[in-house]
């Protein structure tokens, strides 16, 4: 996987605390090692227009059992933004209402090619 942490931090300034302290960042990194899951998330984004972060938290439902802090929600969103827009080279993003009750994620973006 081509997720470059230093490039990510240079593009998404202010996410260093998420990378350094959030337990969800390590979950995201382990997600990157699962090619089948990544392909399912891409399918959900492209065909079903489901935001990748929403699919991610639903898949890892045993990890995401409580509301996330604002820093964690924005950090995960930034990770998927970087992944889709800078690694996979998708164009724009569309934010939609997801209303994910467990994590408190209200809006999330899916990406357009």
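The numbers here are math on the coordinates, done by the rules we state, and not lab data. Just so we're clear, the structure is a prediction, and the values are computed from it rather than from any experiment. Methodologically, a virtual Cβ is constructed for each residue, glycine included, from the backbone with ideal geometry; neighbour enumeration extends over all protein chains shown.
Data for the structure
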| read-out | value |
| --- | --- |
| Tail fraction, Cα-Cα pairs, segment 23-111, threshold 17 Å, whole percent | 42 percent |
| Estimated [θ] at 222 nm from DSSP helical runs (n ≥ 4, -39500 (n - 2.57)) normalised by residues in the chain, nearest 500 | -14000 deg cm²/dmol |
| Efficiency of FRET between residue 17 and residue 61 - r from beta-carbon atoms, R0 22 angstrom, step 0.05 | 0.30 |
| Square roots of 5 times each gyration tensor eigenvalue, C-alpha, segment 1-55, largest first, Å | 23, 12, 11 |
| Inter-label distance, nm, simple model (7 Å from Cα along the C-beta direction), residue 49/residue 94 | 0.3 nm |
| Residue among 84, 28, 43 with the largest mean-square fluctuation in a Gaussian network model of the chain, springs linking Cα atoms under 10 Å | 43 |
| Of 78, 93, 35, the one that fluctuates the most in a GNM where the chain has Cα springs shorter than 10 Å | 35 |
| Gaussian network model of the chain, Cα within-10 Å springs - most flexible of 71, 45, 34 | 34 |
| Efficiency of FRET between residue 102 and residue 37 - r from beta-carbon atoms, R0 22 angstrom, step 0.05 | 0.70 |
